Amino acid sequence: MQAASTGPSQMSNSVTIALFELQKLFNNKRGILSIVAFSLVWGIILLYPIRGASDYLLSPDFKAFIASFFGEGAVNQLFQWQVAELAVFWCLGLYLFPLFSIFIAADQFASDRSRGTFRFLTLRASRNSIFFGRFIGQMAIQLFLVILAVSATVLLAISRDSSLIGAAIFDGVLVTLNLFIVLLPFTALMAILSLHASTARQATVQAIVFWALTSIAMAAINFYAPQLAMLEWTLPGAQLSSMINTQGMDSLSYSAIPLLQALVLLFIGRLYMIRIAL
Amino acid sequence: MSLIKCHNLSKDFGSTQALNNVSIELEGGKPIALVGPNGAGKTTLFSILCGYISATSGTVEILGSPAGSPTLLGRISALPQDAALDPNFSIASQLAFFASLQGYKSKHARAEAKRVLSLVGLLESANQKPDSLSHGMGKRVAIAQAMIGEPELVLLDEPTAGLDPANAKKLRELIDSLAQHTQFIISSHNLDELEKLCDQVIYLEKGQLTQSVSIQNNQDDNKFLTLTLTECDAQQVIQVIQVLSEHPGIHHIESRNAKEFLIERVAINQKSTPDKPLNNTYEVESFIFQQLQKHHWQYKQLLNGKRLEDTLFS
């Protein structure tokens, strides 16, 4: 029997943990069921709002309707997308994926902590490795789901007009990258809540309460102390409404906000992870 | 290098003090027992040693490193109380995952998982999910995970709690056989079990270290014999005490219960050694056996020394 060599590095263990998270998704009935459920939801979204998108977005009447609803200039970039399907996907995905994230990433730690499985892990891997490994694993899972949905949308667009293939792939890559960055702070926040909660459901409820309370707080701050309104940018998803009206490389101009939020949240989460009793 | 060195270790949970200035230095060797009533702080001490919780004050070193140090990863292992594997994945896949975290490559990690499962006799259950196992099997799997990578120190928190006698016996035999290469620290309420497995016994009470007893020394000093008879009535108990008290080598005899007698020899300031055992004529023992034969008393056990419970609680 070959004995274990010198202990693996923290980074190596983070990767091992992240890969096991992916393995959980693909080698497990529950994981496969969630992929099937996700595919069905996106299948419906693709078949109805997105498939009909090209007709709507190319229609001047629809453009006038949207402009009157949201204001001239508020959604003008939406009509600049070369691939109409991806424009609709962008609008929906920008809000739906963070919402999925709250559910998908809710069990990063909660079950393992309450079940005591963490105690087996911390005998072999540092708390840093476990924390970042799980986070990376959850991001990899979400990246897989984003790629799945974007690929289906690209295929839908190409099936309508094969000349769009180049633009669809380019925009698809940009949308994937943008959504991945958008999801970072949501997943990091769920990591913290999942450490605190004893079940995934509790973590989800806490997330909903968090956003509800912070929205109310921000509304109050905007009203009573507008000079502090910039605090809004500390909240994950604060930039989403502004990102709707962007496309192509311009969307990446908002990346700094979620990246900074994710860094701060990961720092807080790591501190919490190190101090928490298991 | 000491196995474990605690200095003024305290742990508070709110207003409850689970550990109160525990200072102890343990050396390696035979398995070490950690004993104490419920709420004495045994699990808290184990949790600090494993790095699950941090101490409120004081220091603790294991194998020369502070508890929770990354240098201890894979070197110490534990059977934590009430910890369970993920019910959604097979036992083998989870154990292989643990092995890979300890540095085993994919193929070797699977082989290591099989090795530890064979140690506990559960290789055939490797592909089952944890929920499909009985309590006893689950405990054995938890012990298997503790043996991954042949750690230097294994902490077992109540390893036989909730096990049926047959499985508890198997587990004791397993620990006994593994103890040749691995240092165990075992927390348990089962004193008979600890007496069979361990040499040193640490007694915690109300968060404080009250006793540290060596079972071997207790037997070596040859001061006591514990005689257990099969059945005794009250009249017979008195008779046994009277008859045995007559021997000049017996200083005192008292009945611990209706069947058990603690016999104190006349003090001899001499230590026994394997090549020269004390009382090598077994004078007192011979006298006891003669009296047993004479009075047709059936004996169950004659133990050199006190029982652990008598040592700790008398």
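Data table
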| quantity | calculated |
| --- | --- |
| Gaussian network model of chain A, springs between alpha carbon atoms under 10 Å - residue of A:A167, A:A225, A:A203 with greatest fluctuation | A:A225 |
| Proximal charge balance of A:G7 [Cβ under 9 Å; K/R count +1, D/E count -1] | +2 |
| Directionally averaged shadow of chain B, computed from the convex hull of its alpha-carbon atoms, nm² | 19.8 nm² |
| Unit charges on C-beta of K, R, D, E only; dipole of chain A, Debye | 1360 debye |
| Ascending count of other beta-carbon atoms within 10 Å, so fewest first, for A:C91, B:C6 | A:C91, B:C6 |
| For chain B, size of Cβ-based charge dipole, Lys and Arg +1, Asp and Glu -1, in debye | 780 debye |
| Extension gain from A:S151 to A:I35, taking 0.36 nm per residue of separation minus the Cα-Cα distance | 40.3 nm |
| Per-pair calculated FRET efficiency, R0 = 25 Å: A:L213 and A:I268 via Cβ, rounded to 0.05 | 0.90 |
| Within a Gaussian network of chain B (alpha carbon springs, distance under 10 Å), most fluctuating of B:Q208, B:Q183, B:Q298 | B:Q298 |
| Rounded to 10°, Cα long-axis angle of helix A:200-224 versus longest principal axis of chain A | 50 degrees |
| Top of B:A83, B:A40, B:A234 by mean-square fluctuation, Gaussian network on chain B, Cα under 10 Å | B:A234 |
| Whole-number D in µm² s⁻¹ for region A:2-275, Kirkwood Cα-pair radius fed into Stokes-Einstein, 20 °C, 1.002 mPa s | 106 µm²/s |
| Acute angle (nearest 10 degrees) that the helix A:10-26 long axis makes with the longest principal axis of chain A, alpha-carbon atoms | 60 degrees |
| Helix-derived mean residue ellipticity, 222 nm - over chain A, DSSP H n ≥ 4, -39500 (n - 2.57), to 500 | -24000 deg cm²/dmol |
| Environment charge of A:S159, counting only residues whose C-beta is closer than 12 Å and scoring Lys/Arg +1, Asp/Glu -1 | 0 |
| Under the Debye formula (equal points on every Cα, no solvent term), log10 I(q)/I(0) of region A:150-278 at q = 0.12 Å⁻¹ | -0.62 |
| Sites B:T210 and A:A220 - FRET efficiency at Förster radius 60 Å, r taken between beta-carbons, to 0.05 | 0.55 |
| FRET efficiency estimate (nearest 0.05) - Cβ-Cβ, A:E232 to A:F79, R0 30 angstrom | 0.65 |
| Proxy reagent accessibility, fewest Cβ within 10 Å first, across A:L40, B:L178, B:L122 | A:L40, B:L178, B:L122 |
| Bins of 5 Å from zero: percent of alpha-carbon pairs in region B:142-224 | 3, 12, 23, 23, 18, 14, 6, 1, 0 |
| Stokes-Einstein diffusion coefficient of the protein assembly as shown, Kirkwood radius over Cα pairs, 25 °C, 0.890 mPa s, in µm²/s | 86 µm²/s |
| Residue (of B:G36, B:M137, B:Q239) at the positive-pole extreme of chain B, dipole from beta-carbon charges | B:M137 |
| Order of A:E232, B:E260, A:E85, B:E25 - criterion: other Cβ atoms within 10 Å of each residue's Cβ, fewest first | B:E25, A:E232, B:E260, A:E85 |
| Inter-site label distance for B:A258 and A:S68 at 7 Å from Cα along Cβ, in nm | 10.0 nm |
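Computed from the coordinates by the stated procedures, all read-outs in this text should not be read as laboratory data. Quantities reported herein were computed from a predicted structural model and do not represent experimental measurements. Methodologically, a virtual Cβ is constructed for each residue, glycine included, from the backbone with ideal geometry; neighbour enumeration extends over all protein chains shown.
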